[in-house]
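What follows is one structure encoded as structure tokens, with my remarks underneath.
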Amino acid sequence: MLECIFFVFLIILATLGFIEILKILLLKFFNFKYTSYTPKEILVIPLNEKSENLEIFLRKLIFKMKWNKRIDNQRIIFLDLGMDRESKRIYNIINKDYGFLCLSNLEKLPDFFKNTIDNN
């Protein structure tokens, strides 16, 4: 009796394992994660003369994006409204670590959105 229960339990686990393997293979084969239907999210952060605690804010934001695994679909644009040297230095430091950051000003911003929409 105990052997039958163990055998049924083993068959159920084998079936679930086979389904998981099949799901992983199908997701890899069809590459569902990076289809053209995946929406891109763009976050615009305006930076003016003195931005207090900018680095802490950005590192916290990037950590939350990584934690939610939404970092592949994200784009952060720093809008230069007269940034000071310290803010530009912080931008350069964080930009070395993450490739989805952009620096733009008010004149170039419409062109950036147009290029982003045309690429999708």
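What the table below lists for this structure:
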| read-out | value |
| --- | --- |
| Count - residues of segment 84-96 that are assigned to a helix (DSSP H, G or I) and farther than 19 Å from Ile42 by Cβ | 9 |
| Cross-chain or 6+ apart pairs with Cβ under 9 Å, segment 106-120 first and within 19 Å of Gly82 (Cα to Cα), then in a loop (DSSP other than H, G, I, E, B) and modelled with pLDDT of 70 or more | Leu106/Leu81 |
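The values are calculated or read from the model by the stated rules, or taken from the named source; none is laboratory data. In this text the structure is predicted, and so the values were computed from the model without any measurement. In this analysis, Cβ positions are derived from the backbone assuming ideal geometry, glycine residues included, and neighbour counts consider all displayed protein chains.
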